[in-house]
Amino acid sequence: MIQNNKVNYSLHILCVSLLLMLSAKLFAQDEVIRLSEPVEKTLTTETFGEPFNNELDNIEFTSLISEPAKYVGKTIQTETEISKVCQKKGCFFIAQHDQSIMRVSFKDYGFFIPTDSYNKRVQLNGNVIEKQRSEEQATHFKQDLGKGTDAIKSGLVYEFVAESVRIKAD
């Protein structure tokens, strides 16, 4: 009888320990960081940055990514899907179409998006810039994305600098 009580007590302690470890891991993975509040909110969208301007030329993201130099310095509107989000602050994201990617940053580092925004559709107002990215910057951005990624390269790159990010609800 005493032996059974010891076994039951040990199993109980083991189960409680496992549940606590699993709970801690789940909560750590689900921690969402929201450093900015939306400037506009509807039942289906949240807009971060400046209020969204629907009057801008709407350029297909496939065109933007295939000929980015054509749009440098032009303020435009586009729509894409968020592939990955900076997990430290939500200060940038990776937009991807097939194998083509583009880093999207935010004007003047003035706002952030929720870190759980990956796999969501977004509309963007902003412009494309051409810049030289150092190996150190590329490494830093890769670390901020969290899980390993080859989405960020060094060298001459094109990035989209968003003034407004309208995230569609699931």
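Where a number appears in this text, it was derived from the coordinates with a stated rule and is not lab data. Since we're looking at a predicted model, the values are computed, not measured. Here the Cβ is made from the backbone with ideal geometry for all residues, glycine too, and neighbour counts use every protein chain on show.
What are the ³J(HN,Hα) couplings of the range 44-59, residue after residue, when phi is run through the Karplus curve with 6.51, -1.76, 1.60 and θ = phi - 60°? Round to Hz, x for glycine and proline.
10, 9, 10, 10, 10, x, 8, x, 6, 9, 7, 8, 6, 4, 8, 10
Report ³J(HN,Hα) in whole Hz for each residue of the range 106-116, in order, from the Karplus equation J = 6.51 cos²θ - 1.76 cosθ + 1.60 where θ = phi - 60°; Gly and Pro get x.
Running phi through 6.51 cos²θ - 1.76 cosθ + 1.60 with θ = phi - 60° gives 10, 3, 6, 6, x, 7, 9, 10, x, 5, 9 Hz.
What percentage of all Cα-Cα pairs in the range 56-116 are separated by more than 20 Å? Don't skip to the end; give the middle numbers.
Details: 530 of 1830 pairs.
Beyond 20 Å sits 29 percent of the P(r) for the range 56-116.
With N residues in the range 42-151, what two-decimal value do you get for its Cα radius of gyration over 2.2 N^0.38 Å?
Numbers: Rg = 13.7 Å, N = 110, 2.2 N^0.38 = 13.1 Å.
Taking N as the residue count of the range 42-151, the ratio is 1.04.
Quick check on my link table: of K41/K74; K107/K142; K41/K107; K107/K131, which ones sit more than 18 Å apart, alpha carbon to alpha carbon? Could the numbers behind the result be given before it?
Numbers: K41/K74 26 Å; K107/K142 20 Å; K41/K107 20 Å; K107/K131 15 Å.
Exceeds cut-off: K41/K74; K107/K142; K41/K107.
Give me, ordered by chain and number, the residues 5 or more places off T45 or on other chains with an amide H under 5 Å from its own placed amide H.
Distant-sequence amide H within range of T45: A169.
Mind ranking 120-129, 40-49, 54-63 by how tightly packed they are, going by the mean number of other C-beta atoms within 10 angstrom, highest first?
Details: 120-129: 20.2, 40-49: 16.0, 54-63: 13.0.
Answer by packing, highest mean first, reads 120-129, 40-49, 54-63.
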